[in-house]
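Chemist: Here it is, the structure in full.
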Amino acid sequence: MAYDLIIANGTLVSAQGQEQADVGIRGERIAAIGKGLAKPGEAPKIVDATGKYVIPGGLDVHVHLELPFCGTVSSDDWLTGTRAAARGGVTTVIDFAIPYGQQSLDDAYHIWLERAKPKACIDYAFHMAITNWDRHGHEMEAMVKRGCPTFKEFMIYQAEGWQSDDRALFNALEKVKKLNGMLLVHAESARVLDELIARYHTPELMKQHGATLHAITRPNFIEAEAIQRAIYWSQVTGGQLYIVHMSTGEGADIVKAARARGINVYAETCAQYLVVDDSVFAQPDGHLFACCPQVKKPKDIERLWTGVNDGEVCVISTDTCTFTRAQKARWEGDFTKIPMGLPGLETLLPLVYTKGVLGKRITLNQFVEKCCTNPAKIMGLYPRKGVLKAGSDADVVVIDPTQEMVVDHATMETGADWNPYQGMSLAGFAEHTFCRGKQIVENYKCIGEKGWGQWLPRERAGTL
Ligand code: URP
Ligand code: ZN
Ligand code: ZN
């Protein structure tokens, strides 16, 4: 037989176009794409995709699985997190390996690998977080040689021991330029943010405003100023910069203007910033929605969708960092103590498809571009990932465009006992997902195998 599996008669959607074709898979790779491959005897298994979209597996390049953070550990681990991903049509995740205390980048890499390897049912890679420039700066070259060319710095989180100052940003950007790497930056202005938090961190104001203080203390300029500063350091050093989880319209304006000046800065947003606004904090369980940065205003949502359309937002990810109700309850009315983060992997593609494509904000091709192809290209995984092409990994997702499902945490793979999108009716869940030729979702049920996922070495980063 010519193939091990054929996905037949589907509408193949790429970042550029669509075609009716079959996908012939041999082993872990796509062997052929063409019409009429699905002849009797050509494969032991043929999946009929008539009337369905067939897309490359999604890449969520911003996740935190079992992350020690905010005094607890994010509750989706490498098993529940990657099962959730598979059900949502994501076949590759990139997590952030973060050194704590005196740890080296190498220590962090091994700790993350040990957690991921036995549990992951989809493929994965790591961005390396620089939490101490003097310790980690000289370790970057070895990490690039090992296959980790993307680094991360946080402009906030002093209490976690993660914060980078301008010196660290400047140095890291200089270094990634030399190494053909890329620096991902969490851009929020620490000193002013701390000042605003201090002003509002009183028993009276916390009683009066509850979880809405999380939003009140983070006005849009907190993100905008930091994005501007990071872009400036990128401009003067020539180091490739990628702004993670951009949440504001102002941020999108600044990125757009910088790109127009010839600075090749990339920006990602996350599904929550395209769908949820900060009115949620006034709900009785509003604290559940706290993530960092927080969701913003309806006008930011509209501006970010425009950015997805126009190009200044080139990737949509999730920043998955799940906490259960019990973990979120640690806040006890103090907005500075809420474990910050949301579940997201399972709903990334459905949200972008439903709110973006069906909502007529973006095209079907842009959906594939922002969730599959661009993240693969920018993170150095293309054309192995992010495209349906002979020779690429057989990461394939079949979506029935007519099948809507109501989001209910009780029926989901994520371990969370709540969901920010609870009750929403979404199309775009994966009917079938294949990761390197292996079926990991069948008829909307995850059948993924613990440990199937492989760590993905990458040579370089930062080219679209
Ligand atoms: O709320 C979030 N995003 N938690 C994870 C840490 C981060 O800043 O990405
Ligand atoms: Zn962040
Ligand atoms: Zn994050």
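Chemist: Roughly how many debye, to the nearest 20, is the charge dipole of the chain about its Cα centre, given +1 on each Lys and Arg Cβ, -1 on each Asp and Glu Cβ, and no other charges?
Modeler: So the dipole magnitude of the chain works out to roughly 900 debye.
Chemist: Okay, helix-only estimate at 222 nm for the chain: each DSSP H run of n ≥ 4 adds -39500 (n - 2.57), divide by all residues, round to 500 deg cm²/dmol; what do you get?
Modeler: -8000 deg cm²/dmol
Chemist: Same structure, new question: In the range 33-63, which residues have a backbone nitrogen under 18 Å from the label point lying 7 Å from Asn365's Cα in the Cα-to-Cβ direction?
Modeler: Answer for the range 33-63: 53-56.
Chemist: Given H placed on each backbone N at 1.01 Å, which residues far from Ala390 in sequence or on other chains put an amide H within less than 5 Å of it?
Modeler: Placed amide hydrogens put Ile33 under 5 Å from Ala390.
Chemist: Given the Cα-Cα distance of Glu28 and Phe221 and 0.36 nm per residue of separation, how much length would full extension add, in nm?
Modeler: Here the segment from Glu28 to Phe221 would lengthen by 64.8 nm.
Chemist: Going Cα to Cα from Lys177, which aspartates and glutamates come in below 13 Å? Please leave out same-chain ones fewer than 8 positions away.
Modeler: Counting by Cα, and skipping residues close in sequence, Lys177 has these aspartates and glutamates nearby: Glu141.
Chemist: What is the gain in length, in nm to one decimal, between Leu358 and Thr50 on full extension, counting 0.36 nm per residue of separation less the C-alpha to C-alpha distance?
Modeler: 108.9 nm
Chemist: Computed on alpha carbon atoms, what radius of gyration and Dmax characterise the range 391-444, expressed in Å?
Modeler: 13.0, 40
Chemist: Quickly work out the Ala2-to-Lys445 label distance, labels modelled 7 Å from Cα along the C-beta direction, and quote it in nm with one decimal.
Modeler: Here the modelled spin labels are 3.2 nm apart.
Chemist: Take peptides 32-43, 282-293, 254-265 and line them up by average Cβ neighbours within 10 Å, highest first, as a rough protection proxy.
Modeler: 282-293, 254-265, 32-43
Chemist: Find how many whole Å separate the alpha carbon centroid of the range 305-327 from the alpha carbon centroid of the range 191-230.
Modeler: Between the Cα centres of the range 191-230 and the range 305-327 lies a distance of 21 Å.
Chemist: Let me ask something else. In 5 Å bins starting at 0, how do the alpha-carbon pair distances of the range 203-351 split up by percent?
Modeler: 2, 10, 19, 20, 18, 14, 9, 5, 2, 0
Chemist: Roughly how many nanometres apart are two label points built 7 Å out from the Cα toward the Cβ at Ile197 and Lys389?
Modeler: That separation, rounded to one decimal, is 4.4 nm.
Chemist: Let me ask something else about it. Using 0.36 nm per residue of separation minus the Cα-Cα distance, give me the extension gain between Glu42 and Glu204 in nm, one decimal.
Modeler: Full-extension gain reported as 51.1 nm.
Chemist: Using r as the Cβ-Cβ distance of Glu332 and Ile111, and R0 as 45 Å, what FRET efficiency do you calculate, to the nearest 0.05?
Modeler: My answer for the efficiency is 0.90.
Chemist: How many percent of Cα pairs in the chain exceed 43 Å?
Modeler: When every Cα pair of the chain is considered, 9 percent fall beyond 43 Å.
Chemist: Moving on to the next point. Note down the nm distance, to one decimal, between modelled labels 7 Å out along Cα→Cβ at Ala159 and at Leu464.
Modeler: Between Ala159 and Leu464, the label points sit 3.5 nm apart.
Chemist: Also, I was wondering about something else. By a straight-distance test (C-alpha under 17 Å), which lysines pair with Lys207 as possible cross-link partners, with residues fewer than eight away in the same chain excluded?
Modeler: Of all the lysines, those that pass the test against Lys207 - Cα under 17 Å, at least 8 places apart if same chain - are Lys337.
Chemist: Same structure, new question: Work out the P(r) tail for the range 124-169: percent of alpha carbon pairs separated by more than 16 Å, whole number.
Modeler: So the portion of pairs separated by more than 16 Å is 37 percent.
Chemist: If you don't mind, there's one more thing I want to ask. Output the pairs from Lys256/Lys370; Lys297/Lys355; Lys45/Lys438; Lys35/Lys445; Lys117/Lys450; Lys152/Lys175 with a Cα-Cα distance over 18 Å in this structure; if there are none, say none.
Modeler: Lys35/Lys445
Chemist: What FRET efficiency, computed as 1/(1 + (r/R0)^6) with R0 = 35 Å and r the Cβ-Cβ distance, is obtained for Lys297 and Thr411, rounded to the nearest 0.05?
Modeler: That gives a FRET efficiency of 0.65.
Chemist: So if R0 is 41 Å, what FRET efficiency would Glu141 and Val73 give, r being the distance between their Cβ atoms, rounded to the nearest 0.05?
Modeler: 0.85
All of the numbers you see were taken from the coordinates with simple rules; none came from a lab. No experiment lies behind these values; they were computed from the predicted model shown. Positions of Cβ are backbone-derived with ideal geometry, glycine not excepted, and every protein chain shown enters the neighbour counts.
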